[in-house]
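First up is the structure itself, then whatever we jot down about it.
Read-outs: derived from the displayed coordinates by stated rules, not from any lab. Nothing here was measured: the structure is a model prediction, and the numbers come from that model. Here Cβ is always computed from backbone atoms with ideal geometry, including for glycine, and neighbour counts include all displayed protein chains.
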Amino acid sequence: MYGWITQLRVSSTIVFSSFIFFALAYGLIGYNIIPPVGWDLHRHYELLDVARKHGIEFIFFDSLYKGQLGSALLFSIIALLPSNQFLPFLTIFIEYVILGYIVTDYASRKGLGVRDIFIALIFHLTLCNIAWVLSTIRQPFALSIVSLAVYLDLERKKKISIVFYILSVLIHPSCLGVFLLILLFHIFRKNTFIPFLLLGWSYFSNQIGSILISTNIRFLSYIGSMLIGYVNYTQGSYEDNRPVIMNLIILLSFAGLIINELYKKKNKDMSLRFLLWSIAFTIGCFASQQIFMRYCMFISFIPYSILNCFSINRKTKYVVKKLDLFLLFFFFGMFLFQLVQATSHGAVLN
């Protein structure tokens, strides 16, 4: 709290170490989860058991992931370890090490303090569905990698970002949506009309999926069938609409803040502009709540750019009271939101 009030600055080593401890704690929760039958994690455990019995070649040539090299490689590595529980532990640990690197590096370069880092963490935890991180495994892992690619691309201008873009798509095809979005952004980033078009993209998803299936290319056909499946998905009994509505309200609120920052205050920050594009793209997924919630996880891994909306006069240490009230409301809302996540799924701790 002292750091919050005084905008205390700490070394990047301390900040990153804090994220490491957070990643370890979160990973241990994942390690001790007993997934119910309906979870992807349960199916992953079954796959790993079969791979240990029949050899890891099964993953590459006979499993559901035989056409997804990144996922097959991930499962093959875990199959060599003595316990299936290393799958959620290692993936979650890596996800939050990535988040820690992004936030720490950005804060160090921009001279940000504890308050700013706290805002970024709240932003992540509020949008990132904890139960889905624990249950789906592959997609949050891939989205954290593609978020690293976006950061290295837009903020650090590193060519190695291409490697992470490719790796993320090989782990989970949903990252292809982010890759196409960033490609579109690089071409039309000065176009202010594109975000409005993105708001309605999912209404053409069946047509897009059919085109991908018709290519007869295994990977593209898989993406097409997944897209159509998610869009036409009927909600199961383990889900409810409360997290979906809360995420939509949060995204709309931040879209308003970003639009004010970009167009009223003439902020030219490219990461902030891309965040607006990402929010528009995600809201455009609302026709399918499955896709909407999953891309919310991607947005939660790029929280650094939202800090442009919370500028403070650092010379006078002046903090806008209305902003603090909003953040306080946001903070308690985050806890309530995670309570919703806990009541929406059926896993238990070992």
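A few remarks follow.
- FRET efficiency for ASP40 and ARG156, using Cβ-Cβ distance with R0 set to 45 Å, rounded to 0.05: 0.90
- Formal net charge of residues neighbouring GLY30 (Cβ-Cβ distance under 15 Å; K, R +1; D, E -1): -1
- The convex hull drawn around the Cα atoms of the range 69-114, when projected onto a plane and averaged over every direction, covers 4.4 nm².
- In the range 140-221, trypsin sites (Lys or Arg not before Pro) in a DSSP loop with at most 16 other beta-carbon atoms within 10 Å: ARG156, LYS157, LYS158, LYS159, ARG189, LYS190
- Per-peptide average of other Cβ atoms within 10 Å, ordering 56-68, 98-110 highest first: 98-110, 56-68
- Pairs over the 29 Å Cα-Cα cut-off, from the set LYS159/LYS268; LYS159/LYS264; LYS66/LYS158; LYS66/LYS157; LYS159/LYS265: LYS159/LYS264; LYS66/LYS158; LYS66/LYS157; LYS159/LYS265.
- Alpha-carbon centroid distance for the pair the range 66-97 / the range 120-178, whole angstrom: 16 Å
- Separation in nanometres of the label points that stand 7 Å from Cα toward Cβ, at ARG109 and THR215: 3.1 nm
- Sum of side-chain charges, PRO195 neighbourhood, beta-carbon under 13 Å (Lys, Arg +1; Asp, Glu -1): +3
- Charge tally for LEU184 (other residues, Cβ to Cβ under 15 Å; Lys, Arg +1; Asp, Glu -1): +2.
- Chain lengthening between ASN191 and LYS266 when straightened (0.36 nm per residue, less Cα-Cα): 25.5 nm
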